[in-house]
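Before any comments, here is the structure.
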Amino acid sequence: MIDPRRLRLEIGSIAERLRLRGIELDVARLEELETRRKRMQEEVERLRNRRRAASRQIGEAKAAGDDIAPLVAAVGNLGDDLAEAVRQFDAVRDELSEFVNALPNPPDDSVPPGRDETDNVELRRWQEPVDFNFEPRDHVSLASASLDLEAAAKIAGSRFSVLRGPLARLHRGLTQFMIDTHVLEHGYEEVYVPYLVDRRTLVGTGQLPKFEDDLFAIDGERDQFLIPTAEVPVTNLIRESILDYAELPLRFVAHTPCFRSEAGNYGKDTHGIFRQHQFEKVELVQIVDPAKSWDALDELTAHAETILRKLELPYRAVALCAGDLGFAAAKTIDLEVWLPAERRYREISSCSNFLDFQARRMLARYRNPETGRPNYVHTLNGSGLAVGRTLIAVLENYQDGNGAVHVPDALRGYMGGSTRLDL
RNA sequence: GGAGGGGUGGCUGAGCGGUCGAAAGCACUGGUCUUGAAAACCAGAGAAGGGCGACCUUCCCAGGGUUCGAAUCCCUGCCCCUCCGCCA
């Protein structure tokens, strides 16, 4: 959520920054809502103040043994007036909060301008792609019988996968490797969290109210959704709380399945397991002192990069342009891994600083030691990494030209010492 | 699924339909004392929102209701705890 006060005072510059995202802020409507809100709020508070004073007087009169009948009569239809004013005020406030909740985070000044992914800016590359002296095969071909997409389609439909034997083990091994690295080397606390969450939780991180179509909802009485990422339950751990300053930064790592409807992506990435309705991800979440969130973004991104480096997978880091930013992010660095069969870099991690955007929605604060007052924390998260896509990258980058795939050195311990996959 | 007990400030925990944002303790901040610290004593201090400001409003799980007035009474829902049953 954008700071309502800043929205009022700096409406021009905020509108300008939202324009970079391709969002035209309806300034006239916002100002009209604000004017009504202010008028109704003052009216409600004035009436409530009168009621309070009158009730207190009646209480005092009663305690003194005086006749309270004239005082009660003098209250008149204050109650009805107040109820009507409250009704109007609630209506404006709901309209206003719906309007404000639908506004994305204005991009940080360091975010490159642009409309879509073609305007993203490459920041750095690590390792040049291996120049195979043969035609590289894609992950579906390499995985052969260990990847059973027909079985998945039979039992669940399209965009699901069944992994068998060595491929299932590689998938599990990658997950363990990632978690271990973040816990043991980067100091994250591992957490296990629910995969179903309620509406309030999704509003907290920004998936709702705007993007309900992207989620899988649970049918029936329970108003719950399958999580689209661990970011949702993990970041919400600190919702509606005031943290001690000494607790910061909080660093959580969680491994969860992620569920996405992929509405609007029909026909996109339909080959193989690149884009699935269900996939596994190891997610990094940080809750930090607002003064330190930009350093934290670099640090968190480096933690994700460590996984790629240990696996010796060529990748590049790109800064998302304003038009390609997610709803809640003020800035995002994507890590893109090289996929030989596609001959291009593809997203494998997305690391973002949300500043106080999510914290405001969640009412997540820390006690500022200098003022003793609560301030909003800053939240960040990033994939470290998307497991299914890492699996693709390992298969394709570690193929030997004869249809065999070697096990990256870093994974040997997670694969029973095997040096190659018997797919 | 059955029976019972609860949800009050950062935490623990009192609270009679009225002057209750709410006792007390812990934790916190400032001061006194001390070479320093601790202890003790004194004082301050909840959260959200509005207003340039003096100030004002809201908040005792949530939503309704009764009332001039609700933390307190009534209804509904949610959550937690204990016991029984079932169960990985």
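The values are calculated or read from the model by the stated rules, or taken from the named source; none is laboratory data. Treat the numbers as computed from the prediction; the structure is a model and nothing was measured. Positions of Cβ are backbone-derived with ideal geometry, glycine not excepted, and every protein chain shown enters the neighbour counts. Surface areas here come from the heavy atoms of the whole protein model, side chains and all, with no ligands, DNA or RNA. Shrake-Rupley method; radii C 1.70, N 1.55, O 1.52, S 1.80 Å.
Points to keep in mind about this one:
- Within segment A:356-396: Cβ-based charge dipole about Cα centre, in debye rounded to nearest 20 (Lys, Arg +1; Asp, Glu -1): 280 debye
- Sites excluded, chymotrypsin sites (Phe, Trp or Tyr not before Pro) in DSSP loops with at most 16 other C-beta within 10 Å, longest stretch of chain A: A:1-131
- Volume per residue for chain A equals 183 cubic angstrom (convex hull of Cα atoms).
- When you filter the GluC sites (Glu not before Pro) in segment A:217-291 for DSSP loop state and at most 10 other Cβ atoms inside 10 Å of their Cβ, you are left with A:Glu221.
- Loop-located trypsin sites (Lys or Arg not before Pro) in segment A:321-387, at most 11 other Cβ atoms within 10 Å (DSSP): A:Arg343
- Dipole of chain A [Lys/Arg +1, Asp/Glu -1 at C-beta], most positive-end residue of A:Leu25, A:Ala69, A:Leu339: A:Ala69
- Whole-Hz Karplus values for segment A:255-260 come out as 10, 9, x, 10, 10, 9 Hz, taken residue by residue from phi with 6.51 cos²θ - 1.76 cosθ + 1.60 and θ = phi - 60°; glycine and proline positions read x.
- Note on exposure: A:Val394, A:Val130 ranked by accessible area (1.4 Å probe, complete protein assembly) read A:Val130, A:Val394, with the most exposed listed first.
- Alpha-carbon gyration tensor eigenvalues x 5, square-rooted, for segment A:246-328, Å: 27, 17, 16
- Projected area averaged over orientations for segment A:26-101, convex hull of C-alpha atoms, nm²: 5.6 nm²
- A:Glu280 long-range amide H proximity, modeled H, under 5 Å: A:Cys258, A:Val387, A:Gly388
- Pairwise centroid distance, computed over Cα atoms, of segment A:25-78 with segment A:210-261, Å: 40 Å
- Radius 9 Å from Cβ of A:Leu208, net charge of other residues (Lys, Arg +1; Asp, Glu -1): +2
- In segment A:307-423, taking the dipole from charged Cβ atoms about the Cα centre, the farthest positive-side position among A:Ile392, A:Phe357, A:Thr371 is held by A:Thr371.
- With the helix formula -39500 (n - 2.57) applied to DSSP H stretches of n ≥ 4, chain A reaches a computed 222 nm mean residue ellipticity of -11500 deg cm²/dmol.
- Computed in the context of the full set of protein chains, the accessible area of segment A:26-101 at 1.4 Å probe radius has 48% of its extent on carbon or sulfur.
- The figure for A:Val337 is an accessible area of roughly 0 square angstrom, using a 1.4 Å probe on the protein chains alone.
- Surface per residue (accessible, 1.4 Å probe) for segment A:313-354, Å²: 23 Å²
- Relative contact order computed over segment A:26-101 (Cα-Cα under 8 Å; 6+ residues apart), in percent: 50 percent
- Whole-Å distance, taken between Cα centres, linking segment A:149-172 and segment A:264-310: 22 Å
- Sequence-distant contacts, meaning Cα pairs under 8 Å at least 6 residues apart, place the relative contact order of chain A at 20 percent.
- Magnitude of the charge dipole for chain A, about its Cα centre and with charges confined to Cβ atoms of Lys, Arg (+1) and Asp, Glu (-1), is about 540 debye.
- Once the Cα atoms are used to define both axes, helix A:165-180 deviates from the longest principal axis of chain A by about 50 degrees.
- Angle between chain A longest axis and helix A:387-397 axis [Cα atoms, degrees, rounded to 10]: 30 degrees
- Carbon + sulfur, % of accessible area of segment A:117-421 - ligands and nucleic acids excluded, 1.4 Å: 46 percent
- In order through segment A:302-313: 3J(HN,Hα) via Karplus (6.51 cos²θ - 1.76 cosθ + 1.60), integer Hz, x for Gly, Pro: 4, 5, 5, 4, 4, 4, 5, 5, 4, 7, 6, 9
- Taking amide H positions as modeled 1.01 Å from N, with prolines and chain starts lacking one, the residues under 5 Å from A:Val407 and 5 or more places away or on another chain are A:Arg420, A:Leu421.
- Partners of A:Lys331 within straight-line reach, counting lysines whose Cα lies under 29 Å from its Cα and excluding those fewer than 8 residues away in the same chain: A:Lys210, A:Lys268, A:Lys281, A:Lys292, A:Lys310.
- Dipole axis of segment A:134-220 (+1 Lys, Arg; -1 Asp, Glu on Cβ), positive-most option in A:Ser158, A:Gln207, A:Val197: A:Ser158
- Distant-in-sequence amide H partners of A:Ser261 (H built 1.01 Å from N, under 5 Å): A:Leu215, A:Phe216
- The magnitude of the dipole of segment A:26-101, with charges of +1 and -1 set on the Cβ of Lys/Arg and Asp/Glu and taken from the Cα centre, is near 300 debye.
- Rounded tilt (10° steps) of A:27-63 against the dominant C-alpha axis of chain A: 50 degrees
- Rounded to whole Hz, the Karplus (6.51, -1.76, 1.60) HN-Hα couplings of segment A:238-254, x for glycine and proline: 9, 4, 6, 9, 10, 8, 6, 4, 5, 6, 7, x, 8, 10, 10, 10, 9
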